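One structure is given below, encoded as structure tokens.
The values are calculated or read from the model by the stated rules, or taken from the named source; none is laboratory data. Computed from a prediction, not measured in an experiment: that's the story for all the values here. Every residue, glycine as well, gets a Cβ built from its backbone with ideal geometry; the counts of neighbours run over all protein chains shown. With ligands, DNA and RNA removed, areas are computed over all heavy atoms of the protein, side chains included. Shrake-Rupley method; radii C 1.70, N 1.55, O 1.52, S 1.80 Å.
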Amino acid sequence: MKMNIKGLVLNTFKESARNKMFYLLVFFGIAFALSSKLISFLTLGDTMKVLKDTGLAAINFFCVLIAIFTGINLVYKEIEKKTIFNILSKPVTRDQFIIGKFFGLALTLLAALLAMSVIFFLLILLVGGGFDFKILLYFFMLYLELLIIVAISLLFSSFSTPILSFIFTVSLYLIGHVMWTFNEFKSLLRSGLWLKFTQGIYYILPNLDKFNIKNDVVLNQPLQPWTIVFTILYALVYILAVLALTILIFRKREFQ
């Protein structure tokens, strides 16, 4: 079983790495991160804070694009090209196929994030800054967020077209970053039924704002360890739940 999943992981990684879009987004991610140095010269205020703020935002943006654009095509391409029949004719179950695809893309994103983060750390050192553990923690939290996005895009990719998968994934990504508004909305509700319904939606939708610690990193504010631990656990539980749902859907999927 391990060999089957390992083969799928490596194949997915190689397939994603051969995609020109992947290199293009990594290149722009690095280019925009480096351009944060130029932006810091053109703006008022603390140069280092501006550099961190714009550089981290650029890396975040392009990593999310990689996760979405690669994830939405993962399963659909195999079905569209009929290669799914060759894969499933081998000793590979549908469950292993989904798990292998997920970890293959997780490996791809790790490589892209590592490349961008190493160059960003070098940039920080070149402009006179030191090693900042909080930046490393920021990248780790970003990686967890990317894994949730990959799981969501893989879920939609398992039963819909890339265009619909893109719309659904981007919508959930945007909603996931404004989940704090749900709490304010709940305070306006008077009906107990609507309150429970809204609360249920709140727990089903991904709360991606939990992973955004950029302001704390840039402003050098203290981070609460238990908040970080809870966020890590939240990511693991959410990813497992979405992958389990994806596997259930993919088991019942019929191919033509």
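More than 25 angstrom separation, counting every C-alpha pair in the chain; what % is that? When all Cα pairs of the chain are counted, 49 percent exceed 25 Å. For the chain, the 222 nm mean residue ellipticity estimated from helices alone, with every DSSP H stretch of n ≥ 4 adding -39500 (n - 2.57) and the total spread over all residues, rounds to -27000 deg cm²/dmol. Classify region 117-256 as rounded, prolate or oblate from the Cα gyration tensor: take a ≥ b ≥ c as the square roots of its eigenvalues, call it rounded if a/c is under 1.5, otherwise prolate when a/b beats b/c and oblate if not. Oblate is the answer for region 117-256, as a/c is 1.5 or above yet b/c matches or exceeds a/b. Checking the Cα-Cα distances for LYS14/LYS81; LYS101/LYS252; LYS49/LYS210; LYS101/LYS196; LYS20/LYS101; LYS134/LYS210 against a 25 Å cut-off, the pairs over it are LYS101/LYS196. With all protein chains in place and a 1.4 Å probe, the accessible surface of the chain carries 71 percent carbon and sulfur.
If I take every Cα pair under 8 Å that is 6 or more residues apart in the chain, average their sequence separation and divide by the length, what percent do I get for the relative contact order? Over the chain, the number comes to 25 percent. Highest mobility in the GNM of the chain, judged by mean-square fluctuation with C-alpha springs under 10 Å and restricted to GLU184, GLU78, GLU15, is found for GLU184. Given a 1.4 Å probe and the protein chains as shown, SER117 ends up with an accessible area of around 10 Å².
Of all segments of the chain bounded by trypsin sites (Lys or Arg not before Pro) found in a DSSP loop with no more than 10 other C-beta atoms within 10 Å, the longest spans 83-189. On a per residue basis, the chain carries 54 Å² of accessible surface, using protein heavy atoms and a 1.4 Å probe. Taking the average, over residues, of other Cβ atoms within 10 Å as the packing measure, peptides 108-115, 147-154 rank 147-154, 108-115 from highest down.
With a/c under 1.5 counting as rounded, go ahead and sort region 1-149 into rounded, prolate or oblate using the C-alpha gyration tensor (a ≥ b ≥ c being the square roots of the eigenvalues; past the cut-off, prolate if a/b is larger than b/c, else oblate). Prolate, because a/c is 1.5 or more and a/b exceeds b/c.
What does the charge dipole of the chain about its Cα centre add up to, to the nearest 20 debye, if the Cβ of each Lys and Arg holds +1 and the Cβ of each Asp and Glu holds -1?
740 debye
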